[in-house]
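Worksheet for the structure shown next.
The values are calculated or read from the model by the stated rules, or taken from the named source; none is laboratory data. Just so we're clear, the structure is a prediction, and the values are computed from it rather than from any experiment. Counting neighbours? That spans all protein chains shown, and the Cβs are built from the backbone with ideal geometry, glycine included. Areas reflect the complete protein model, heavy atoms only, side chains present, ligands, DNA and RNA absent. Shrake-Rupley method; radii C 1.70, N 1.55, O 1.52, S 1.80 Å.
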Amino acid sequence: MIPVRFSLRSIPSLGKLDSFARSCTHTDLGTRTSLVLIGSRRKQSLSLPWNSKKIVESICNRLLCAMAAPQPRVSLAETTTDGEFKRTDSTFRRRISRDGSTEFPAVAGRYHLYISYACPWASRCSAFLKLKGLDHAIGLTVVKPKWEKTKEGEDHYGWAFAISEDEEPGAQPDTVNAAKTIRELYELADPNYSGKYTVPVLWDKETKTIVNNESAEIIRIFNSEFDLIAKHPEVDLYPQHMRNQIDEVNEWIYAGINNGVYRCGFAKKQAPYDEAAKLLFESLDRCEEILGKQRYICGNVLTEADIRLFVTLIRFDEVYVVHFKCNKRLIREYPNLFNYTKDIYQIPGISETVHMLHIKKHYYTSHPSINPYGIIPVGSNIDFLSPHDRDRFTKAGQ
């Protein structure tokens, strides 16, 4: 085994490297080499067959070409030459553990969650804080809804903190690190970081670094690792016996709905938009059919799949229909989906994670390439506290 090491801090996607590395393989079997890809916070190994200097040089050249490409720093820049939006992976992927198996123990007061009310990915993390009863153990700071310039001399706009409690209702200053922007947190955690400056950010106050910025992993950390200090440890949104089902549902809902609305909204050509819109409404139709037979998306018990679906549904009619051109059908035109959305919204704690003014202000004012004048539509002001019909289904355990 001959190790070949490359620094890949500016690489757009290890997945893309994996694809082109495989394309460099040859049919003749020879000595195998381990190609170790080292990023700022990640490492991946690929085994490639080779038996000549030319093959290795070819791989090196392609790596260098990939390194030369700048990594997108906002989601709007994540479009291919075909005009299709393709989201890149989150970077910080470490875990908090209650059994001491990681460097981050599950203790009260050590961690802080940074979110935007506008961001669906971040909002599902704050929903888990509420459902598990962890807001006493993990701090929370909310950024302002409208993106602002993050650094003088650069044309980058992103999440910013309020200067004072009174500047923007619902937003706060950063009292943990005194940062002015989310970007500053990323640069504090890794001075060489050059990717997107996204929320959520799960921050470790002791080591002053980002533990995790992938919402799908943060919600599972909150679901299980803090049970010894949670006010509601009995709440399990990812029960062992349902995990395969939940994972399967999450997969098609993410592809068609959660990320599907962004594929519609950020598409720059007709064909990828048409493809995304078709899948989106096929997936919504599928949800409508399922929810005609049971209370929640995986049965008659609330799971993480419901929270992941809810954060997109609650934004759909007010934002995605107009801003992302998802206008084939409103959520309130789906009887089951609309009542389901109201049902989830009325679960104690969930409505506190929904701030519609922040949601509308962010989307309509932070994407000038989509809405150049930043005009915020009046909207329909849906009453999500109005009665729903989901009680007709038998609850779990009854």
> Given the C-alpha centroids of region 288-338 and region 158-225, what is the distance between them in whole angstrom?
Replying inline: 28 Å
>> What are the extents of the Cα atoms of region 212-329 along their three principal axes, in Å, largest first?
In response: 50, 35, 25
> Applying the Karplus parametrisation 6.51 cos²θ - 1.76 cosθ + 1.60 with θ = phi - 60° to the phi angles of region 175-191, what ³J(HN,Hα) value in whole Hz is obtained for each residue in order, glycine and proline being reported as x?
Replying inline: 8, 8, 10, 6, 6, 8, 9, 5, 4, 4, 5, 4, 6, 5, 6, 8, x
>> Residue by residue through region 198-209, what is 3J(HN,Hα) from phi via Karplus (6.51 cos²θ - 1.76 cosθ + 1.60, θ = phi - 60°)? Round to whole Hz and write x for glycine and proline.
In response: 9, 10, x, 10, 9, 9, 9, 6, 6, 9, 6, 8
> How would Ile163, Ile253 rank on accessible area, largest to smallest, probe 1.4 Å?
Replying inline: Ile163, Ile253
>> Using the basic label-point model (7 angstrom from Cα toward the beta carbon), what is the Val378 to Asp155 distance in nanometres?
In response: 3.6 nm
>> Suppose the chain between Asp247 and Lys269 were pulled fully straight at 0.36 nm per residue; how much longer would it get relative to their current alpha carbon spacing?
In response: 4.8 nm
> Size of region 128-235 along its principal axes in angstrom, Cα-based, largest extent first?
Replying inline: 50, 33, 23
> Name the chymotrypsin sites (Phe, Trp or Tyr not before Pro) in region 345-378 that are in a loop by DSSP and that have at most 13 other C-beta atoms within 10 Å, would you?
Replying inline: Tyr373
> Are there GluC sites (Glu not before Pro) in region 185-245 that DSSP puts in a loop and that have at most 13 other Cβ atoms within 10 Å, and which ones?
Replying inline: Glu206, Glu234
> Cα-Cα pairs above 17 Å in region 297-398: how many percent?
Replying inline: 56 percent
> Carbon-plus-sulfur fraction of the accessible area of region 200-241, 1.4 Å probe, in percent?
Replying inline: 52 percent
> What is the distance in Å between the Cα centres of region 227-286 and region 72-108?
Replying inline: 16 Å
>> Along the Cα→Cβ direction, 7 angstrom out, place labels at Leu188 and Ser351. What is the inter-label distance in nm?
In response: 3.4 nm
